Each structure stands twice: as C-alpha cells, then as structure tokens.
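Undergrad: To start, I am sharing the structure in question, which I have written as structure tokens.
The values are calculated or read from the model by the stated rules, or taken from the named source; none is laboratory data. Not measured: the values here are computed from a predicted model. Here Cβ is always computed from backbone atoms with ideal geometry, including for glycine, and neighbour counts include all displayed protein chains. Heads up: the accessible areas ignore ligands, DNA and RNA and are worked out on the full protein's heavy atoms, side chains in. Shrake-Rupley method; radii C 1.70, N 1.55, O 1.52, S 1.80 Å.
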Amino acid sequence: MRIKRSAFEALLAQARAELPNESCGYLFGTADDADLAVEHFPMTNADHSPEHFSFVPAEQFAALRAARAEGRRIIANWHSHPASPSRPSQEDIRLANDPSILYCILSLQAEDPVFNAFRIVGGQVQKFNVDVVDD
C-alpha cells in the first residue's frame, strides 16, 4: 500500500494531538489505483480511550458521502496505538468486519512512528508495508 505524504502527515498530526487516546479515521483512494491512499478523513474516537476506539456512526455515513461526492472510495480505516506496536490487537481482529478494506495501525510507542496495513479476513491477518509517497 502507498499513502500520499499529505494524508499521512494529516493522520499523524491528528494522532499526536489526540494523545493519550487512540485516534481514528478513514483513508480514501481512487477508482484508478486501489493501493494508493490519497486523502485522510478524520473521525472521532467515540470511546475517548487510550486502549480502544469506536467510530461515531453519523461520521461514518458522512465519510461515505464525502468519498462518493469526491469520486473516491474508502480503501482503509486506521487507528493509533499510543503505547503499543503497529499490529492488530485481539479486539481489532474480532471487530474487523469488512474484508474489502485494509486496517491500518499507527504506533506512537517509539520516537519514530510506525504505520502498517493489514488485511483481516475471518480472523486471519496479512500484513502489508506502507510506503509514504510524495503528493
């Protein structure tokens, strides 16, 4: 997977601003390139927790409407792990219910952030590296 630098910087800024809680959002892509995230759509962590997150349902619908209006599609959701590695927790795996998108996790555990993508289907996890590319 690839993500445009502006989208990555936006989600990183959001995650740092919302510490110590987890933050979350969607990544939009285009119909032409299913592996390139071109836009970050920030969401609210309804749980306001450093250990888990939940999307606000009205914001999920707003994200879908925004993606469609812009000719984009949701290719991934993401959330941060403020104090743990960039890998899905058992809760992340249990709650992954859309096999058509990637699940991205930004770890802020170390000084340098780590951002990985995962496909989660039927409890099975496949990891994908993420390359940040220039806009």
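Undergrad: Apply 1/(1 + (r/R0)^6) to the Cβ-Cβ distance of Val132 and Gln60, taking R0 = 25 Å, and write down the FRET efficiency to the nearest 0.05.
TA: Once rounded, the FRET efficiency stands at 0.45.
Undergrad: Here is a follow-up. Restricting to bridges with both residues inside the chain, how much of the DSSP beta-bridge set is antiparallel, in percent to the nearest 5?
TA: Counting only bridges with both partners in the chain, antiparallel ones make up about 65 percent.
Undergrad: Report, in debye and to the nearest 20, how large the dipole of the chain comes out about its Cα centre when Lys and Arg carry +1 and Asp and Glu carry -1 on their Cβ.
TA: For the chain, the charge dipole is close to 320 debye.
Undergrad: I'd like the GluC sites (Glu not before Pro) in region 3-87 restricted to DSSP loop residues with at most 15 other Cβ atoms within 10 Å, sorted by number.
TA: Answer in residue order: Glu51, Glu70.
Undergrad: Then there's this: Let me know the Kirkwood hydrodynamic radius for region 16-135, please, with Cα pairs as the basis and the value in Å to one decimal.
TA: Result for region 16-135, one decimal place: 14.7 Å.
Undergrad: Rolling a 1.4 angstrom probe over the protein chains, ignoring ligands and nucleic acids, what is the accessible area of Val132 in square angstrom, nearest 10?
TA: 50 Å²
Undergrad: Roughly how many percent of the accessible protein surface of the chain is carbon and sulfur, given a 1.4 Å probe and a whole-percent answer?
TA: 49 percent
Undergrad: Rolling a 1.4 angstrom probe over the protein heavy atoms, how many square angstrom per residue are accessible across the chain?
TA: In whole numbers, the chain has 53 Å² accessible per residue.
Undergrad: Separate question: With θ taken as phi - 60° and the coefficients 6.51, -1.76 and 1.60, list the Karplus ³J(HN,Hα) couplings across region 37-53 in order, rounded to whole Hz; mark glycine and proline as x.
TA: Along region 37-53, the couplings run 7, 9, 8, 9, 10, x, 10, 9, 7, 4, 7, 6, 10, x, 10, 7, 9 Hz.
Undergrad: About the Cα centre, and with charges only on the beta carbon of Lys, Arg (+1) and Asp, Glu (-1), how big is the dipole of region 84-135? Nearest 20 debye, please.
TA: Its charge dipole is roughly 380 debye.
Undergrad: Now for a different question. Please give the length that would be gained between Ser100 and Leu19 if that part of the chain were fully extended, namely 0.36 nm times their separation in residues minus their C-alpha to C-alpha distance (nm, one decimal).
TA: Value of the extension gain: 26.2 nm.
Undergrad: May I ask which residue of Ala66, Asn45, Trp78 lies farthest towards the positive end of the charge dipole of region 1-109, with charges of +1 (Lys, Arg) and -1 (Asp, Glu) on Cβ and the Cα centre as origin?
TA: Projecting each Cα onto the dipole axis, the largest value belongs to Ala66.
Undergrad: Mind giving me the nanometre distance, one decimal, between the label points for Glu111 and His48, set 7 Å out from Cα along Cα→Cβ?
TA: Taking the two extended label points, one gets 3.3 nm.
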